[in-house]
1. Which shape class, rounded, prolate or oblate, goes with the chain when its Cα gyration tensor gives a ≥ b ≥ c as root eigenvalues, a/c under 1.5 marks rounded, and past that a/b bigger than b/c marks prolate?
2. List every residue whose amide H lies under 5 Å from the amide H of residue 148, counting only residues 5 or more places away in sequence or on a different chain, with H placed 1.01 Å from N in the peptide plane.
3. Using a 1.4 Å probe and ignoring any ligands, DNA or RNA, find the accessible area of residue 270 and quote it in Å² to the nearest 10.
4. Loop-only trypsin sites (Lys or Arg not before Pro) in segment 112-203, please: DSSP not H, G, I, E or B, and at most 12 other Cβ atoms within 10 Å.
5. In sequence order, what are the phi-derived ³J(HN,Hα) couplings for segment 71-86 according to the Karplus relation 6.51 cos²θ - 1.76 cosθ + 1.60 with θ = phi - 60°, rounded to whole Hz, with x for glycine and proline?
6. Taking R0 as 51 Å, what's the FRET efficiency between residue 36 and residue 9 from their Cβ-Cβ distance, rounded to 0.05?
7. Let me check I've understood the local charge: for residue 157, count other residues with C-beta under 14 angstrom from its C-beta, Lys and Arg +1, Asp and Glu -1. What total comes out?
8. What pairs in 265/330; 282/330; 285/330; 278/321; 158/337; 182/330 have C-alpha atoms more than 26 Å from each other?
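The values are calculated or read from the model by the stated rules, or taken from the named source; none is laboratory data. Everything numeric in this text was worked out from a predicted model, so none of it was measured. Cβ placement follows ideal geometry from the backbone for every residue including glycine, while neighbour counts extend to all protein chains displayed. Heads up: the accessible areas ignore ligands, DNA and RNA and are worked out on the full protein's heavy atoms, side chains in. Shrake-Rupley method; radii C 1.70, N 1.55, O 1.52, S 1.80 Å.
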Amino acid sequence: MDCCSTSSALLSLDQALDKLLSQATTVCQTEQISLTQAAGRITAQAATSPINVPPFANSAMDGYAVRLSDVSESAILPVAGKAFAGQPFHGEWQQGSCIRIMTGAPVPAGTDAVIMQEQAEVIGDGVRFSIQPKAGQNIRLAGEDIRQGAEVLPAGCKLGAAELPLLASLGVAQVNVYRRLKVALFSTGDELQTIGQPLQDGQIYDTNRFAVRLMLEKLDCEVIDLGIIRDDEQAIREVFSQADNQADVVISSGGVSVGEADYTKQILDELGEISFWKLAIKPGKPFAFGKLNHALFCGLPGNPVSAALTFYQLVQPLLIKLSGYSQWQKPRQITVKTTTPLKKTSGRMDFQRGILTANAQGELTVKTTGHQGSHIFSSFSQANCFIVLERERGAVAAGEWVTVEPFNHLLENN
Ligand code: AMP
Ligand code: MG
């Protein structure tokens, strides 16, 4: 049964996410870019190592390179040369001799162990050893860490502070990545004012474009900011077609709630196939999704908390899938006790803003940030988690177990 066949039917978050993700195919264009420009980008193919790491057998200790069969309790081996890191021994190793060697220096051909200097006694021009070494002792073998040709990063991997130095250690200077997603963004509403301008009677500042823009930048999207669009049929029609021509994804905020939806709906019906959803989540009930001529479209609700939440829970996974990043996981959830009661009515899944803290014993508990209205954006600056309350659950008493989804500033979870 189609869960949205009647206007009163609510769509669960998981159902909405499945619908969104079923429309998402990774951008196919790729580009070759310098490693120094690649932070935050997604690999379009697996990266393999062009070299062995280490590139040559080298000493793990300061000491002497020897041949096992030359070493005995009584033998004094003449020192035939030196090998330092970056300055290999270039002579020819003579049977029955040893080579002074330092950590990181290539092990001379013919020798098969390194004896640390603490186990060596210098006697005149020679050295006597107090141990009988094992084959390969204190030698780091070529390719022991990474073999030439081995896969070091899969395709669909995000290049960050662990991945880029790894590629650098292999001498890789260029990397093949998916192109960045182009996302067009605008806010709708006659009441909206841009920051830096004084508020006129009845105006409020445009929070959503600012918040969504930041979240898009964190996802490494190329943002096309189309500003504030007045509640005017022609202006809205124009901005939609402009956005559709330029972007892979178009994101708007406002104008999707009941009443306004009919108006936006009429324009969107001309331009593509858009569904207006009522989500069974709070905040964030109205949400629009579909396809314009070229681009996918996500219509966020106007209330700032709802806009941020629906972006985080729905649009972000969509963009991540489109971007080619294949290792994304749903936000982690944990179960903790709430120290404050939580208001809740059954029917929708609540994403209340909470503060997760550890007590002296290291046990985690959560408390509410207070007023949970969908316009109370300040709740985000105090919160470090969502308290996720199940759809059918009612009011929660202090001491009850609740599910919590931690996030960092501005809803980062990975
Ligand atoms: P709407 O979805 O357009 O009916 O808007 C719902 C509520 O969110 C109204 O109170 C709007 O004033 C408010 N709102 C809409 N867009 C924004 C925005 N970009 N920034 C802050 N508040 C907004
Ligand atoms: Mg509006």
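1. Verdict is prolate for the chain.
2. Result for residue 148 returns 52, 53.
3. Ignoring ligands and nucleic acids, residue 270 comes out at about 100 Å².
4. 134
5. Calculated HN-Hα couplings, in order: 8, 8, 4, 9, 6, 10, 9, x, 8, 8, x, 10, 10, 10, 4, x Hz.
6. On the way: r = 51 Å, r/R0 = 1.00.
Efficiency for this residue pair is about 0.50.
7. Charge balance in the 14 Å sphere: -1.
8. Those over the limit are 265/330; 158/337.
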